[in-house]
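Shown next, in structure tokens, is the structure this report addresses.
The values are calculated or read from the model by the stated rules, or taken from the named source; none is laboratory data. Because the structure is predicted, anything quoted here is derived from the model rather than measured. In this analysis, Cβ positions are derived from the backbone assuming ideal geometry, glycine residues included, and neighbour counts consider all displayed protein chains.
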Amino acid sequence: MAAINVTNVRVLNNPTSFLESFRFEITFECLTPLQEDIEWKIIYVGSSNDAKYDQVLDSALIGPLQYGAMRFIFEAPGPDISKIPVDEVVGITAVILTCSYKDQEFYRIGYYVNNQYTEPELMENLPSTPIPEKIQRSILEDRPRISKFPIEWTSSKTN
Amino acid sequence: MWIEKPEWIYHGEKRHMPILSIDIQPLMERFITGAMDSTICVWNFKGLIDTEEKELKLATLSQHCGPVNCVRWNPNTQTFASGSDDKLIIIWEQKEGGLSDNLEEWRGVFTLQGHLSDVKDLNWSKTGKYLASGSIDNKVIIWNVEGRQFYPYQILSGHESYVSAVAFDPFDKYLVSLGEDKKLIIWNTKDWKQIKIYDQALSHNASQVLKRLAFTPDARNLVLPGPKKSNYKYMASVLNTENFEAEKYFIGHLQPVSVVAASPVLYKVEKTDKSEKTLQWAVAIGGFDSTISIWRNEDTKPIAIRDLFSCAVSDLSWSTDGKIVLGCSNDGSVAVIYLANELGDVVSQREMHSFMFELYSEIPPEPVIQHTLRKPFAKKLEPQPMNEQKEIRLQNGKRRIQPVFLSTPTSSGPQNPNQTYKPYIPVSTSNITIMSSPNAPSLPSVDINKFSFKVNLSRILCNSEPHNYSESICPVNLLHVSKLISTSGDIVLEAMILEMNHVRSAIRLRKGNKQLWINYLQHTVQILAGSQYFAAVYTEEGYLYCYTIGGIQALPEMKITSCKFMESSGHYLGILSKEHALYVYNLEERKEVIRCKTDDIEVKSLSINEEGVPKIESKTGEFFVFDQSMSLWMRIKNSGLEYYKADGWNPQPLSTDLVTSDLDSYMQISISQVETQLLRLKFLGYKEEYSYTVKKYVNMLIDAHDVYKLIDITQSLKSTNKVLFEEVSKILESHDILNKLMI
């Protein structure tokens with residue numbers, strides 16, 4: 001059974017400009033004492049076709065882990081638009097939050113992200129080079145996709 | 001009878017998530033379902049009965065990583081276990097409100113790891129001590145949940161293929177496991193060895209791993225999915241538990257039988273041709289043909305409900321009153337069958353136990369049902385406002401955020417396999433005032449209660465609140481009135497009320513599961529007492545029976561007008577009558593040792609020590625010991641002020657009005673308290689504690705520079721206790737005071 005149980009994830013700035021940083025408020029419980037920190041990462045999916053366009057926006061170690069419920073705000077800079085294929089900047093993509101312990105990923109929560117120009121004319125005639133200042137990023141907060149993976153929490157035999 | 005399919009019971013968003021298991025809580029407050037999407041839902045049982053009930057889904061639990069194949073409540077009703085394809089079994093307990101959206105907070109408190117593959121079936125032993133699990137890895141594992149062990153207690157090998165079902169018999173004597181290899185293996189629960197293998201056909205062609213079996217509550221039969229009768233009729237076999245051979249078959253399902261569940265009660269069935277009523281059991285059988293049939297012992301035709309679902313019936317569960325059957329299916333829905341009297345009148349528990357007693361001369365073991373201490377629907381914690389979180393940059397360039405700590409742990413303590421767990425038994429605490437915590441250092445702490453270690457269960461069973469001593473001890477409507485005799489706790493003296501012709505009650509001595517002797521009485525047992533030499537019983541009709549520990553009546557029955565408390569220790573028996581008179585008898589010598597009155601002390605409890613000295617606790621919390629030479633009650637413990645903290649020896653008055661800023665008077669107060677304690681220790685005869693206290697006292701006097709008292713104590717020690725005198729002199733020498741005292 002997972003030693004860490006993520007009980008809530010909230011997106012704090014939504015919708016917002018494409019250039020703004022991502023801010024997630026994460027609440028979790030630590031059910032057994034852990035020796036190491038857990039590592040959270042925010043990954044922006046640049047292209048749904050190719051994983052090489054995934055950008056790790058930031059990663060953070062969370063600790064020290066006390067037994068009980070904890071909360072923190074994870075802020076990461078917005079994606080680098082130059083690393084995203086031009087035709088995939090606008091439209092639906094995804095942002096993923098992952099949590100790992102001792103390099104083993106045990107929790108993954110993904111959200112669909114919709115990038116749209118605020119001005120309708122730009123949506124009708126998409127500019128060849130995207131204009132990030134005018135793109136609004138909206139995270140579909142109420143439909144997260146959560147995956148949990150069982151991992152080895154302790155190296156010793158006893159639980 | 002009516003049937004309903006409540007639309008509020010479903011898993012997942014689309015309502016088609018197969019529900020693989022369902023179980024009703026023994027107290028009938030909740031029921032649980034396990035589904036293929038790895039979630040378990042806890043539901044409000046009242047929602048099935050009361051249409052106005054609003055809070056229906058109490059919790060959704062998603063800690064498993066695979067379909068949840070089986071969910072089963074522990075007979076003690078406080079916890080449940082779930083087994084899943086992720087090889088794990090999780091034991092769940094309810095906790096105080098958390099931060100999730102659930103109405104109730106259920107936390108997985110242990111994970112039982114041991115199976116190498118999907119866990120298919122779970123079954124608790126009747127007392128809730130063991131949990132048996134069967135898995136696709138061909139093994140049956142027994143877990144010692146009560147002992148809080150996370151690893152397998154026993155691994156039973158024997159099946160050559162998947163184990164699809166496990167079941168304990170009503171007496172916890174046997175464990176039965178059903179395997180895909182068409183074997184039914186019967187295991188002995190004492191040494192977990194195979195007793196018999198029943199090879200008869202479970203000869204289905206398809207490998208349908210969904211198969212559950214059940215013992216009938218009278219332990220006479222085992223009903224399990226059976227072989228095919230002909231091309232289109234399938235049956236369930238009813239085996240006789242004496243030789244595990246098929247007694248009869250229930251035929252009728254159009255596809256293989258998947259689940260058998262037995263009602264926990266017996267029914268009084270009236271025969272049309274006879275005027276007699278017989279007691280029969282009932283089972284519900286579910287099949288792949290999505291039909292549920294309910295059969296009684298001697299039915300030739302069942303009550304059959306067809307096409308209840310669009311898929312196979314995956315699990316069935318009976319309510320403890322035998323009136324409701326819940327069935328779940330792979331089509332994601334749950335059906336409720338409400339029975340009125342179609343099966344007959346439900347037999348009361350007392351009658352059922354008399355019936356069992358007649359058949360087997362014993363009654364099945366029961367768990368200690370722990371009533372929920374908290375309200376069923378706990379409040380959620382309000383999310384706290386965010387405080388500062390701290391962030392630093394580590395040397396390797398990584399960010400490290402220290403999260404904001406929100407709440408003290410809401411779940412049980414960190415999983416520590418070394419923690420010993422004591423199930424909560426509501427005990428009248430008068431006999432066991434714990435003055436030192438289990439982790440107390442070797443400092444001797446005063447345990448006034450060395451007088452008696454016995455847990456007086458009869459009082460709890462008579463009264464619902466542990467501290468409510470009613471004026472007349474109520475006649476026991478419950479089955480058991482029992483008393484622990486040995487301090488190791490396994491020898492118990494029990495009494496049972498029977499409703500038979502000439503015999504009104506029985507008492508027996510039981511060691512663990514083995515009955516040592518049993519005696520039948522004409523009168524109804526009211527109070528029990530026992531020690532390692534004898535057992536005494538006081539009956540409603542005013543007689544006292546004494547038996548030797550071997551079970552033979554030692555003395556003719558004695559007429560005693562009234563008895564409010566009766567306690568014993570060693571050879572002594574103490575009785576406190578309703579007229580406030582206390583008598584202590586030495587049963588070996590057949591003598592009355594003490595006769596006195598307890599007039600104005602309102603007695604809350606009584607205990608006798610090995611030397612026959614009685615100690616009473618008053619309702620105001622004070623303890624008195626009877627001093628024979630002075631024929632008076634001596635107070636050995638005050639109420640209210642706890643002079644000594646439970647962990648050790650810091651004589652500090654805990655009452656605030658005694659604490660003064662004046663250090664001197666503070667010291668004086670402490671010293672006088674130690675003196676009182678010394679006196680009590682001396683009187684009670686606790687030598688070790690007394691020496692320790694004396695030394696402490698001397699040190700205190702030295703600090704206070706109280707020369708007079710030092711002289712006094714050393715003089716008295718010189719004449720009474722040479723050894724202690726030597727030790728005290730050494731202390732005084734080290735402080736250079738010996739000269740001043742000129743001893």
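Looking across B:LEU88, B:LEU112, one residue alone is farther than 24 Å from B:TRP8 by Cβ, within 14 Å of chain A (Cβ to nearest Cβ), surrounded by fewer than 24 Cβ atoms within 10 Å (Cβ to Cβ) and of a type outside the set (Val, Ile, Thr). It is B:LEU88.
Is it true that B:ASP137 is assigned to a loop (DSSP other than H, G, I, E, B) and modelled with pLDDT of 90 or more? Talk me through it step by step, then tell me what you get.
On the way: assigned to a loop (DSSP other than H, G, I, E, B): yes; modelled with pLDDT of 90 or more: yes.
Yes; evaluated as a whole, the condition is true for this residue.
Which one of these is more than 19 Å from B:LYS196 (Cα to Cα) and free of Cβ contacts under 8 Å to residues at least 40 places away in the same chain: B:LEU116, B:LEU131, B:LEU156? Steps first, answer last, please.
Working: B:LEU131 fails: free of Cβ contacts under 8 Å to residues at least 40 places away in the same chain; B:LEU156 fails: more than 19 Å from B:LYS196 (Cα to Cα).
Residue meeting the stated conditions: B:LEU116.
In the set B:TYR545, B:TYR533, only one residue is under 25 Å from B:THR598 (Cβ atoms) and touching a Leu at 6+ places or on another chain (Cβ under 8 Å); that residue is B:TYR545.
Going through (1) crowded, with 17+ Cβ neighbours inside 10 Å; (2) farther than 19 Å from B:SER177 by Cα one by one, B:LEU239 falls short only on (2). The residues of segment B:561-592 that are over 33 Å from the mean Cα position of the chain (by Cα) and free of Cβ contacts under 8 Å to residues at least 24 places away in the same chain, listed by number, are B:THR561, B:GLU579, B:HIS580, B:ALA581, B:TYR583, B:TYR585, B:GLU589, B:LYS591, B:GLU592. Note on segment A:5-23: residues that are over 16 Å from A:THR98 (Cβ atoms), within 14 Å of another protein chain (Cβ to nearest Cβ) and over 15 Å from the mean Cα position of the chain (by Cα) amount to 1. Of the strands (runs of 3 or more DSSP E) lying entirely inside segment A:47-132, those containing at least 2 residues that are away from chain B (no Cβ under 14 Å) and touching a helix residue (DSSP H, G or I) at 6+ places or on another chain (Cβ under 7 Å) are A:104-117. Of everything in segment A:4-59 that is more than 21 Å from B:LYS398 (Cβ to Cβ) and small (Gly, Ala, Ser), the residue that is surrounded by the fewest Cβ atoms within 10 Å (Cβ to Cβ) is A:ALA51.
Hey, could you check segment B:329-344 for residues that are of a type outside the set (Phe, Trp, Tyr) and in a strand (DSSP E or B) and say which is surrounded by the fewest Cβ atoms within 10 Å (Cβ to Cβ)?
Initially, segment B:329-344 is screened for residues of a type outside the set (Phe, Trp, Tyr), giving B:329-337, B:339-344.
Those left that are additionally in a strand (DSSP E or B): B:329, B:334-337.
On the way: B:SER329: 25, B:VAL334: 25, B:ALA335: 23, B:VAL336: 18, B:ILE337: 22.
Ranking the qualifying residues of segment B:329-344, first place goes to B:VAL336.
Evaluated against (1) modelled with pLDDT of 90 or more; (2) over 22 Å from B:PHE309 (Cα atoms), B:VAL71 falls short on exactly one condition, (2).
Matching residues to (1) closer than 23 Å to A:ASN13 by Cα; (2) buried (at least 18 other Cβ atoms within 10 Å of the Cβ):
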site: A:ARG71; (1), (2): yes, yes
site: A:ASP80; (1), (2): yes, no
site: A:VAL95; (1), (2): yes, yes
site: A:PRO127; (1), (2): no, no
site: A:PRO130; (1), (2): yes, yes
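Exactly one residue out of B:LEU710, B:LEU738 is modelled with pLDDT under 75 and more than 27 Å from B:LYS615 (Cα to Cα), and it is B:LEU738. A search for C-beta distances below 6 Å between a residue of segment B:177-200 that is within 15 Å of B:ASN243 (Cβ to Cβ) and any residue that is basic (Lys, Arg) and surrounded by fewer than 18 Cβ atoms within 10 Å (Cβ to Cβ), counting only pairs 6+ apart in sequence or on different chains, returns B:ILE186/B:LYS196.
Looking at A:ILE26, A:ILE62, which is the one that is under 18 Å from the mean Cα position of the chain (by Cα) and modelled with pLDDT of 90 or more? So the residue among A:ILE26, A:ILE62 that is under 18 Å from the mean Cα position of the chain (by Cα) and modelled with pLDDT of 90 or more is A:ILE26. Restricting B:LYS95, B:LYS54 to residues that are surrounded by fewer than 22 Cβ atoms within 10 Å (Cβ to Cβ), more than 24 Å from B:SER329 (Cα to Cα) and within 14 Å of chain A (Cβ to nearest Cβ) narrows the list to B:LYS95. Restricted to strands (runs of 3 or more DSSP E) entirely inside segment B:1-80, those with at least 3 residues that are not acidic (Asp, Glu) are B:19-24, B:30-35, B:40-44, B:57-61, B:68-73. Segment B:552-614 holds strands (runs of 3 or more DSSP E) entirely within its bounds, and those carrying 1 or more residues that are charged (D, E, K, R) and closer than 27 Å to B:ASN519 by Cβ map to B:553-559, B:565-569, B:591-597.
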